[in-house]
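The values are calculated or read from the model by the stated rules, or taken from the named source; none is laboratory data. Just so it is clear, the structure is predicted and the values come from calculations on it, not from any experiment. Positions of Cβ are generated from backbone atoms using ideal geometry, with glycine treated the same way; all protein chains shown enter the neighbour counts. Ligands, DNA and RNA are stripped out before the accessible areas are found, and what is left, the full protein with its side chains, is counted by its heavy atoms. Shrake-Rupley method; radii C 1.70, N 1.55, O 1.52, S 1.80 Å.
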Amino acid sequence: MVQKQKLYITGGRPLKGAVRVSGAKNAALAIMSAALLASEPVHLENCPNITDVKVLRDIIANLGVKVNCKNKNEIELLTPEVVKTTTPYKEVKKLRASNLLLGPLLARFGKAEIALPGGCNIGTRPMDLHIKGLQALGAKITLEHGFIKGTCGCLKGSKVYLDFPSVGATENIMMAAALAKGQTILGNVAKEPEIVDLANFLNGLGAKIRGAGTDVIKVEGVKQLGGGRYSVIPDRIEAGTFMVAAAATMGDLLIEHVISTHVEPLIAKLREANVEVVEEDDNIRVTARDTLKPIDIKTLPYPGFPTDMQSQIMAMLTAVKGTSVIVENVFENRLQVADEFKRMGAKIKVEGRTAIIQGVKKLQGAQVKASDLRAGAALIIAGLIAEGDTEICNAHYIDRGYENIESKLTSVGANIRSC
Ligand code: UD1
């Protein structure tokens, strides 16, 4: 896989036209992991053609799953009766979300050894909630030599309460419970649209899951899951990134293939910032006509403002006159992107989990470095609004979650190229 190294942007052009959103990264990763629970072929449509999906495809193929790429956005997966059940550190390091294989491997094969992912650029990211939930279903789990090692006979339904509505823990436990004996009641679960998509996918294969999208999920375990065809939901974070890019550049963009309820918290905040947002069927039009206003943001689990949109909105607010305040409540290191904006002339003071942004008239193009996927997307937005040229290093992070971002942005007027 050839990795993109750098992105070059010449700023100052408003984004205008229409852009189509790809399938949701986080839904696709969970659904591909869940496909290991199915005894028959699973055909997935609208999978985003991004690095994270390709990496997970390789990881599950290495386990012995038959992976057939029908085209760049469609994958067929068939998991045989026997597969390898170990995912080494070198793979988990490339893709944290491969920890989502823990629940499916345990439930279907009674065994899983997943390297502990450790911390990452955005925070410490422990797995205690995943482990506690799977233990409650009867799995024996130990931490040995950097691996989470799990074994079980038939998992048994149980009551599980999550101390925090973790997306990954909700998904891992829900997937495991789908094949457990009896009923599992999961309390204080994550309500993200990707959880609902995963539950819909599993129910399509014969699972009995109710309540996804609410605080309590009830799973009636079934003996086995069949196959089926499923289309992944649109990516609300990719959609949100284009929405913010349109607003920040004072543009007028039609964002196609969006479920507007999934981006409701962002729509509310953009309107508060004086941006016109019109919802039409499965499109959203974002138009910035008048001067933008400063806003305050607090990231929270869904339906709160998503942490995955925090860096992008910060990019926009760096050049909005007045004072904006962002509180990052989910991932402790996610405000570090502020240091890169400061290299572009932004005025931001970070104290703990709070960033105080004093909007400047214009950012200036500079050499900057992406430290993670969403920080990379935010630096693109900063580059688009800056005066002059911006060079973004570590641009490979951006390809983890955005399909064809340069060509999509170029088609709506951006001056962006890569090497
Ligand atoms: C998922 C998303 C990621 C998004 C995040 C929050 C995927 C592949 N990734 O990540 O894009 O930013 O949700 O919306 O879907 N925590 C614990 N113990 C645990 C698990 C989590 O303390 O066992 C904490 C984390 O450190 C973090 C918070 O819970 O502070 C939220 O994490 P979680 O919802 O689990 O995020 P991910 O599933 O890793």
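Can you report the number of residues in region 267-306 which are closer than 24 Å to ARG334 by Cα, assigned to a strand (DSSP E or B) and more than 16 Å from the ligand (Cβ to nearest atom)?
Within region 267-306, residues that are closer than 24 Å to ARG334 by Cα, assigned to a strand (DSSP E or B) and more than 16 Å from the ligand (Cβ to nearest atom) number 1.
Take the conditions out of contact with any Ser or Thr (no Cβ under 7 Å at 6 or more places or on another chain) and either closer than 29 Å to LEU44 by Cβ or within 9 Å of the ligand (Cβ to nearest atom) (or both) and apply them to PRO104. Does it pass?
So PRO104 fails the test.
Just checking, does region 174-192 include any residue being surrounded by fewer than 22 Cβ atoms within 10 Å (Cβ to Cβ), of a type outside the set (A, V, I, L, M) and in contact with a helix residue (DSSP H, G or I) (Cβ under 7 Å, 6 or more places away or on another chain)?
Just the residues of region 174-192 that are surrounded by fewer than 22 Cβ atoms within 10 Å (Cβ to Cβ), to begin with: 181-183, 185, 187-188, 191.
The next check asks that each one be of a type outside the set (A, V, I, L, M); those that pass are 181-183, 187-188, 191.
With the extra rule that they be in contact with a helix residue (DSSP H, G or I) (Cβ under 7 Å, 6 or more places away or on another chain), the set shrinks to none.
Among the residues of region 174-192, not one is surrounded by fewer than 22 Cβ atoms within 10 Å (Cβ to Cβ), of a type outside the set (A, V, I, L, M) and in contact with a helix residue (DSSP H, G or I) (Cβ under 7 Å, 6 or more places away or on another chain), which makes the answer no.
Out of (1) surrounded by fewer than 18 Cβ atoms within 10 Å (Cβ to Cβ); (2) touching a Lys or Arg at 6+ places or on another chain (Cβ under 8 Å); (3) farther than 26 Å from ALA395 by Cα, the odd one out for CYS69 is which?
Condition (3) is where CYS69 drops out.
If you take just the strands (runs of 3 or more DSSP E) that sit entirely in region 1-98, which of them hold at least 2 residues that are more than 15 Å from the ligand (Cβ to nearest atom) and acidic (Asp, Glu)? Write out each step before concluding.
Numbers: elements: 7-10, 16-20, 42-45, 66-71, 74-78.
Ranges flagged: 74-78.
Which condition number does PHE164 fail, the rest of (1) away from the ligand (no atom under 15 Å from the Cβ); (2) under 19 Å from LEU300 (Cα atoms) being met?
Among (1) away from the ligand (no atom under 15 Å from the Cβ); (2) under 19 Å from LEU300 (Cα atoms), PHE164 violates only (1).
If you check GLY213, GLY206, GLY168, which single one turns out to be free of Cβ contacts under 8 Å to residues at least 24 places away in the same chain and closer than 24 Å to ASP308 by Cα?
Result: GLY213 is the single residue among GLY213, GLY206, GLY168 that is free of Cβ contacts under 8 Å to residues at least 24 places away in the same chain and closer than 24 Å to ASP308 by Cα.
Kindly check whether there is at least one residue in region 307-314 that is without any contact (Cβ under 8 Å) to a residue 60 or more places away in the chain, in a helix (DSSP H, G or I) and more than 13 Å from the ligand (Cβ to nearest atom).
No.
Take the residues of region 193-219 that are within 14 Å of the ligand (Cβ to nearest atom) and within 15 Å of PRO301 (Cα to Cα): which is most open to solvent (accessible area, probe 1.4 Å)?
Going through the qualifying residues, I end up with VAL196.
Sort out which residues of region 119-137 are open to solvent by 20 Å² or more (accessible area, probe 1.4 Å), more than 7 Å from the ligand (Cβ to nearest atom) and either in contact (Cβ under 8 Å) with a residue 24 or more places away in the chain or outside the structural domain of LEU106 (by TED's automatic domain parsing) (or both), and write them in order of number.
If the condition is that a residue be open to solvent by 20 Å² or more (accessible area, probe 1.4 Å), more than 7 Å from the ligand (Cβ to nearest atom) and either in contact (Cβ under 8 Å) with a residue 24 or more places away in the chain or outside the structural domain of LEU106 (by TED's automatic domain parsing) (or both), then CYS120, ASN121, LYS132, ALA136 are the ones that fit.
Output the residues belonging to region 72-89 that are open to solvent by less than 40 Å² (accessible area, probe 1.4 Å) and modelled with pLDDT under 95.
Scanning region 72-89 gives VAL83, THR87.
Could you say which residue among ARG285, ARG289 is farther than 18 Å from ALA377 by Cα, modelled with pLDDT under 95 and out of contact with any Ser or Thr (no Cβ under 9 Å at 6 or more places or on another chain)?
ARG289
Within the bounds of region 246-259, is there any residue that is of a type outside the set (A, V, I, L, M) and free of Cβ contacts under 8 Å to residues at least 60 places away in the same chain?
There is no residue in region 246-259 that is of a type outside the set (A, V, I, L, M) and free of Cβ contacts under 8 Å to residues at least 60 places away in the same chain.
Given GLU264, GLU238, GLU220, which one is touching a Pro at 6+ places or on another chain (Cβ under 7 Å) and of a type in the set (Asp, Glu)?
GLU264
How about region 368-412: which of its residues are surrounded by fewer than 17 Cβ atoms within 10 Å (Cβ to Cβ) and small (Gly, Ala, Ser)?
Scanning region 368-412 gives GLY388, SER407, SER411.
Within region 172-188, work out how many residues are of a type in the set (S, T, N, Q) and not in a strand (DSSP E or B).
2
Just checking: which of the strands (runs of 3 or more DSSP E) contained wholly in region 317-365 hold 2 or more residues that are surrounded by 15 or more Cβ atoms within 10 Å (Cβ to Cβ) and either in contact (Cβ under 8 Å) with a residue 24 or more places away in the chain or outside the structural domain of PRO294 (by TED's automatic domain parsing) (or both)?
Ranges flagged: 323-327, 354-358.
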